[in-house]
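Since the structure comes first, as structure tokens, the remarks are kept for the end.
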Amino acid sequence: MFSVLTDNWPLFRDGFWLTIRLFVVSGVLSLVFGTILGAFRVSPVPALRGIGTGYVNVLRNTPLTLVFAFLFFGAAKMQLALPSPFWTGVGALTIYTSAFVCEVVRSGVNTISPGQSEAARAIGMSFNQVLSIVVLPQAFRAIIPPLMSVFIALLKNTTIAAGFSVAEAGSIPAAMSERGENQLLTLLWITIGFLILIVPLIFLQRWAERRTAVA
Amino acid sequence: MSTVLYEPPGPRAKARNRITNILVLVVLVGAVAWLINRMYQNGQFEGRLWRQFQYSSIQQQLVEGLLNTLRAAGLAAVLALLFGAVFAAARISDHKWIRTPATLIVELFRAVPLLILMFYFYFGNIQFQLGLSPFWAVVFGLTLYNGSVLAEIFRAGIAAVPKGQREAAYALGLRKNQVVRLVLLPQAISAMLPAIVSQLVVLLKDTALGFIITYAELLYVGKQMGGRLTYGFPYIPTYIVIALIYIGLCSLLSLLARYLEGRSRRRRKVTGAPPPITEAPDAASGLDPGDKI
């Protein structure tokens, strides 16, 4: 059982390393892009709200695999292809995940009752003070646990890149199939690898949930 | 409109918002125009790229792909609901030796990427010649993952029924089976419906993973159509059509979920039924059996 892993160690190592890089890079980008979109959705400008709502509704109802296919096969036809398979994968994951980050940010801000900021304004705080002292610290609490779920989903979604010639962990079975290795053992090791990555995130999320639970 | 972030705008803020609104619209129109121009420059509006959609054989292929998608989604939905019901029942069991393995299995299938679950059946079939077509790999993968999520939804729904209901039923001398079947489930189901339908949207979207394991669903058909030299590799037109189909189907289901949620909320005002559950309990919110939601 161990020989499957040890004989093909470079394959597993490189695969999971690429998975982690995909996850981290698209995680950071989706956080930035999704927060901007979330800000759009709670802004007083109707056009910005419309853009945010439209983006979320379209992307949440589109399969991620289709986003991948469009960027990998379609974008090149408009000469908009991203420089490498890795970055194309990052692009697809970011476009998709941002919609979910946006929803988390929006609903996080909406959990705070308007009375909070009305009180803050009543004692003479400026918009920036209201935002940074009153609204954001409370929104942050409501945002962290669901945001962690979004990131756990992102980590699992990186496997889809395997279908598009990105050599991350999800592509290991195909390579091992060519080498004639035992597929079930290969998949078992990949499952263990993903559990090693995901279980700490799950515990981190539970911890954050307890930490941020409003007493 | 007053929100947590800003008060109803006064005359100056109104003017400012109006100007920003116009600026944003200009930028948006500019961006769309740039994209369309980009497509035009690269010949994406040429007739031959779009012509194939007029042919009935091609339309038939699209319909066939769509039917394959719906077949996999439909069967997987039924199996996942069964799986969910069985495992939810196991998770609220009084016997630890039933509860613990059920909890482990549900947690495991929710943590493993769905594509990897499908790979077990796909590559397992190749290695052991099980005679499973990719269709079954898609269906079984979807069943295990979505069934586990549904099990959590069912359990959360039952746990969300006010405690007094359960206590009153036990006080009347009903057995656990009767309490769950006659008292808790009927009340829980209407609260769970929005979450169940939302999960079915996820299931429908995830059938597209079949593309990767060569199941001839909608996206797979799209790749074949896009790759045709005769029509100048019409990837973009094909994907636009396919995206419209997916978005249409999923939006309809999402609308249904929202309608059910609204109905459940309205009914709640009248009867004091439990609040609607709108989405799957967090992939990671580790609630022990018996926890209150």
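The values are calculated or read from the model by the stated rules, or taken from the named source; none is laboratory data. What you are looking at is a predicted structure, and each value in this text was computed from that prediction instead of being measured. Cβ placement follows ideal geometry from the backbone for every residue including glycine, while neighbour counts extend to all protein chains displayed.
Some observations on this one:
- Restricted to helices (runs of 4 or more DSSP H) entirely inside segment B:1-120, those with at least 3 residues that are over 30 Å from A:ALA119 (Cα atoms) and touching a residue at least 24 places away in the same chain (Cβ under 8 Å) are B:47-51, B:56-91, B:96-111.
- Any hit, segment B:35-58, residues being closer than 30 Å to B:GLY147 by Cα and touching a helix residue (DSSP H, G or I) at 6+ places or on another chain (Cβ under 6 Å): no
- B:LEU185 being within 28 Å of B:ALA111 (Cβ to Cβ), modelled with pLDDT of 85 or more and either surrounded by fewer than 20 Cβ atoms within 10 Å (Cβ to Cβ) or within 9 Å of chain A (Cβ to nearest Cβ) (or both): yes
- Restricting segment A:102-125 to residues that are of a type in the set (A, V, I, L, M) and surrounded by fewer than 17 Cβ atoms within 10 Å (Cβ to Cβ), the residue that is farthest from the other protein chains (Cβ to nearest Cβ) is A:ILE123.
- Count - residues of segment B:233-243 that are part of a helix (DSSP H, G or I), more than 18 Å from the chain's Cα centre (by Cα) and not β-branched (Val, Ile, Thr): 3
- Residue in segment A:109-121 that is outside any helix (DSSP H, G or I) and touching a residue at least 40 places away in the same chain (Cβ under 8 Å) present: no
- Enumeration of residues in segment A:103-125 that are under 30 Å from A:ARG60 (Cα atoms) and more than 27 Å from the chain's Cα centre (by Cα): A:SER113, A:PRO114
- Of all the listed residues (A:GLU168, A:GLU118, A:GLU209), the sole one being of a type in the set (Asp, Glu) and more than 30 Å from B:VAL4 (Cβ to Cβ) is A:GLU168.
- Sole residue being more than 30 Å from A:PHE40 (Cα to Cα), crowded, with 19+ Cβ neighbours inside 10 Å and modelled with pLDDT of 90 or more, chosen from B:ARG91, B:ARG71: B:ARG91
- The residues of segment A:1-27 that are among the polar types (S, T, N, Q), in a helix (DSSP H, G or I) and more than 17 Å from A:ILE198 (Cα to Cα), listed by number, are A:SER3, A:THR6.
- Filtering segment B:188-198 to residues that are surrounded by 24 or more Cβ atoms within 10 Å (Cβ to Cβ) and within 14 Å of chain A (Cβ to nearest Cβ) leaves nothing.
- Restricted to segment A:50-78, and to residues there that are surrounded by fewer than 17 Cβ atoms within 10 Å (Cβ to Cβ) and not hydrophobic (A, V, I, L, M, F, W, C), the residue that is nearest to B:LEU249 (Cα to Cα) is A:ASN57.
- Scanning segment B:241-255 for residues that are out of contact with any Leu (no Cβ under 9 Å at 6 or more places or on another chain), aliphatic (A, V, I, L, M) and surrounded by 15 or more Cβ atoms within 10 Å (Cβ to Cβ) gives a single hit, B:ILE247.
- Residue within segment A:58-81 that is more than 14 Å from chain B (Cβ to nearest Cβ), in a helix (DSSP H, G or I) and among the charged types (D, E, K, R) present: no
- Complete set of residues in segment A:42-72 that are within 20 Å of B:ILE247 (Cβ to Cβ) and at pLDDT below 90: none
- Matching residues in segment B:210-227 - criterion: being among the charged types (D, E, K, R) and either loosely packed, with under 15 Cβ neighbours inside 10 Å or facing chain A (nearest Cβ under 9 Å) (or both): B:LYS223
- Residue in segment B:266-282 that is within 8 Å of chain A (Cβ to nearest Cβ) and either touching a helix residue (DSSP H, G or I) at 6+ places or on another chain (Cβ under 7 Å) or modelled with pLDDT of 85 or more (or both) present: yes
- Any hit, segment A:173-185, residues being of a type in the set (Asp, Glu) and without any contact (Cβ under 8 Å) to a residue 24 or more places away in the chain: yes
- Across segment B:1-18, the number of residues qualifying as facing another protein chain (nearest Cβ under 10 Å) and surrounded by 11 or more Cβ atoms within 10 Å (Cβ to Cβ) comes to 12.
- Screening segment B:163-232 for helices (runs of 4 or more DSSP H) wholly inside it with 2 or more residues that are under 30 Å from B:GLY47 (Cα atoms) returns the ranges B:218-226.
- The listed residue being of a type outside the set (Ser, Thr, Tyr), within 30 Å of B:VAL201 (Cα to Cα) and within 10 Å of chain A (Cβ to nearest Cβ), out of B:LEU75, B:LEU35, B:LEU23: B:LEU35
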